Every structure is written in C-alpha cells, then in structure tokens.
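A short worksheet on the structure shown next.
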Amino acid sequence: MLTKLQQHRVSKPWGRTDVPEGFGPSDGDPLGEIWFQREDADDPLLIKYLFTSERLSVQVHPDDAAAQTAGLARGKDEAWIVLSARSNGELGIGLRSPVSPGELRAAAMDGSIVDLVDWRRADAGDAYYSPAGTVHALGPGLTVLEIQQNSDVTYRLYDYGRPRELHLDKGIDAARSDLVIEKVREREIDQLRSIAVAGPKFTVERWRSGAGTLDATDAEPAWLIPIKGTIAADGQALVAPDVWIAEGRAAVEVGPDSELLVAYEGTRLRAVA
C-alpha cells in the first residue's frame, strides 16, 4: 500500500521567501521547513526539506537512551543531502577538536562555540549522516533534504542573539565533542541502486533508471522521495517534491535521467528480484 504524506510548512527566522521552484510560495513569511508525515501516526522516520538564508542555531540532539530517560519515544539521528547551494553555502557538523563539557558550556555562553564548529563548504550532492550527540548547524544559501528519526527534540546551544530558548544543561549532557563526521561516499549496490547515506538508525538508497521491487511491510515501511524525472510505484506517478510511504511490496520504475530516494529504518537492503 502506498500513502502520500501530508505537507506541513513551517516558517523560521532563518528561512527563505525565494524558495526553489516546485515548492510553492512562501506566503510572505520566510519558509524554513516542509515536513512530510502522516497525521496522528508515530512513524519512526520523518522527511523534511530545509531552506536557509542565515545560519541556524548551533544545536545538538539526544540519543535514544537520553531521550527515553526524558520521557520521549526516541532520540534523533539525522542525515543531510544537499540539493542546492549558493556560493556562500556552508554547514557545520561536529567540532574541530574535542573539548570538555565545561569548555563547551563557556563557549556556548560567550558565542565562541561558533568557532569550535567544523564549518565546511556545502555543494549540491554532498551527504552527511549526523548521529545523535553531534554539535551541528546549517549555514545560509542551502536547500537540504533531511531524513531523521521522527523526533522534534532539539537542544539549542547558541542562537546568534535570536529571542529563542537555549537548552544548555540538556545540550551539554547530550553533546559528544569527540565525534568526527565525514562526508558520505556513495556506494553502488547494483546497476539500479546505490547507498546514498547509511547509519545505525536508517538507510537511504538512491534508485536510478531502471525497475525493481521494493520490499516493505506494515512493520518495516519505506519512504519514497522522488527527486527528479519520471517515477512510478505500482503504477502511481511519484512527483517531486511530494513523499510517499510504502507498507507493502511495490513495483518501482525509474525513468531515464530520473532519481528516487528510498529511506527505511535499519540496514537491511529493501529490494528483491
């Protein structure tokens, strides 16, 4: 069974009014995020598009154990796939070197945490898997596809003076300053598929120009994210930027010069002959 997910558009102070064609107007407010989800469903993954005109807060997310101790369902690993980037596009992921919790707190309080973050140029096609505990931030000029554990828990460590709450105690406890995050090198599976991003919590496959059968069930659903071109699943046209969830086997066809991302929990590959 295929279900088209609902769009939820979220204004953000760092968002954009000039969102790329295909995502619809910003309605005058800076559009920061578009969420794709099912109403009243606690699905394990959440798909978002992000649009940035300024740097986001320097932030961190808790892992499953810390989140569940706080009464939440799960923590938040996430992955970024950069779809477009302006000349000033950048992202910060991890710290340049390990620091103590006390040093991290002091840097968050005086703003020097910005200089501790490992800022990198962002280019279209870049992909990163960011495990919970990674201190991170997106910079301006980006359109990013974010695949994440379905959790809305974010601890802000620094927010450039914006009038929003910070969460220093929880954020310092959640942060792991020893994490070193490398840009993902895509790995080919076969002529149709490659691994775009993989981590312990979820995997994202990239499907190109061909046909295959997606192996999904109610217990192990898969998210279908068309990026460009002509794509169909069980005869249903999949058009970007919408997102679908599959809860049963689906015959997938990806046309020439087309691209589909398939996301799912865990590491078991989801295609059958």
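Show the residue pairs meeting these rules: Cβ distance below 9 Å; 6+ apart or different chains; first residue within segment 231-259 and at positive phi; second residue open to solvent by 20 Å² or more (accessible area, probe 1.4 Å) and among the β-branched types (Val, Ile, Thr).
Asp257/Thr230
Of the conditions (1) open to solvent by less than 20 Å² (accessible area, probe 1.4 Å); (2) not in a helix (DSSP H, G or I), Glu182 clears all except one; give me its number.
(1)
Quick one: how many residues across segment 197-212 are open to solvent by less than 40 Å² (accessible area, probe 1.4 Å) and assigned to a strand (DSSP E or B)?
9
Being in contact with a Ser or Thr (Cβ under 9 Å, 6 or more places away or on another chain), surrounded by 13 or more Cβ atoms within 10 Å (Cβ to Cβ), at negative phi and at pLDDT 95 or above: is that true of Val19 here?
No.
Those residues that are in contact (Cβ under 8 Å) with a residue 60 or more places away in the chain and under 30 Å from Leu214 (Cβ atoms), I need them from segment 1-18; list them, please.
Met1, Leu2, Thr3, Lys4, Leu5, Gln7
Here's the yes/no breakdown for (1) at pLDDT 95 or above; (2) within 17 Å of Ser53 (Cα to Cα); (3) of a type in the set (A, V, I, L, M):
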position: Ala108; (1), (2), (3): yes, no, yes
position: Gly111; (1), (2), (3): yes, no, no
position: Leu116; (1), (2), (3): yes, no, yes
position: Gly125; (1), (2), (3): yes, no, no
position: Leu142; (1), (2), (3): yes, yes, yes
position: Asp152; (1), (2), (3): no, no, no
position: Asp159; (1), (2), (3): yes, yes, no
position: Asp169; (1), (2), (3): yes, no, no
position: Ile172; (1), (2), (3): yes, no, yes
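Please determine, by comparing only the residues of segment 230-250 that are part of a strand (DSSP E or B) and open to solvent by less than 30 Å² (accessible area, probe 1.4 Å), which one is farthest from Glu33 (Cα to Cα).
Ala250
This table checks each residue for (1) in contact with an Asp or Glu (Cβ under 6 Å, 6 or more places away or on another chain); (2) part of a strand (DSSP E or B); (3) aliphatic (A, V, I, L, M); (4) open to solvent by 10 Å² or more (accessible area, probe 1.4 Å).
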| position | (1), (2), (3), (4) |
| --- | --- |
| Phe23 | no, no, no, yes |
| Gly28 | no, no, no, yes |
| Gly32 | no, yes, no, no |
| Phe36 | no, yes, no, no |
| Ala41 | no, no, yes, yes |
| Arg55 | no, no, no, yes |
| Ala65 | no, no, yes, yes |
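Sort out which residues of segment 126-153 are open to solvent by less than 40 Å² (accessible area, probe 1.4 Å) and part of a loop (DSSP other than H, G, I, E, B), and write them in order of number.
Asp126, Pro131, Ala132, Gly133, Thr134, Val135, Gly139, Pro140, Gly141, Asn150, Ser151, Val153
How many residues does segment 86-101 hold that are among the aliphatic types (A, V, I, L, M) and assigned to a loop (DSSP other than H, G, I, E, B)?
Number satisfying all stated conditions: 1.
Going residue by residue through segment 102-125, is there one that turns out to be acidic (Asp, Glu), touching a residue at least 60 places away in the same chain (Cβ under 8 Å) and assigned to a loop (DSSP other than H, G, I, E, B)?
Looking for residues that are acidic (Asp, Glu), touching a residue at least 60 places away in the same chain (Cβ under 8 Å) and assigned to a loop (DSSP other than H, G, I, E, B), one finds none in segment 102-125, hence no.
Tell me, which residue of segment 2-16 that is of a type in the set (D, E, K, R) and under 23 Å from Ala41 (Cα atoms) is least open to solvent (accessible area, probe 1.4 Å)?
The qualifying residue least open to solvent (accessible area, probe 1.4 Å) is Arg9.
Within the set of pairs 6+ apart or on separate chains, which have a first residue in segment 45-60 that is more than 16 Å from Pro140 (Cα to Cα), a second that is among the hydroxyl-bearing types (Ser, Thr, Tyr), and C-beta atoms under 6 Å apart?
As it stands, the answer is Val60/Tyr155, since those pairs meet every condition given.
If only one of Glu265, Glu253, Glu220, Glu259 is open to solvent by 20 Å² or more (accessible area, probe 1.4 Å) and touching a Pro at 6+ places or on another chain (Cβ under 6 Å), which one is it?
One residue alone meets the criteria, Glu265.
Out of curiosity, is Ala106 under 23 Å from Lys201 (Cβ atoms), open to solvent by 40 Å² or more (accessible area, probe 1.4 Å) and more than 19 Å from the chain's Cα centre (by Cα)?
It is false that Ala106 is under 23 Å from Lys201 (Cβ atoms), open to solvent by 40 Å² or more (accessible area, probe 1.4 Å) and more than 19 Å from the chain's Cα centre (by Cα).
Within the set of pairs 6+ apart or on separate chains, which have a first residue in segment 65-85 that is more than 16 Å from Pro131 (Cα to Cα) and modelled with pLDDT under 95, a second that is among the β-branched types (Val, Ile, Thr) and open to solvent by 10 Å² or more (accessible area, probe 1.4 Å), and C-beta atoms under 7 Å apart?
Close Cβ pairs satisfying both conditions: Leu72/Val153.
The values are calculated or read from the model by the stated rules, or taken from the named source; none is laboratory data. Everything quoted here is computed from the prediction, not taken from an experiment. Heads up, the Cβs are rebuilt from the backbone with ideal geometry, glycines too, and the neighbour counts pull from every protein chain shown. Side chains are part of the model used for accessible areas, which takes the heavy atoms of the whole protein and leaves out ligands, DNA and RNA. Shrake-Rupley method; radii C 1.70, N 1.55, O 1.52, S 1.80 Å.
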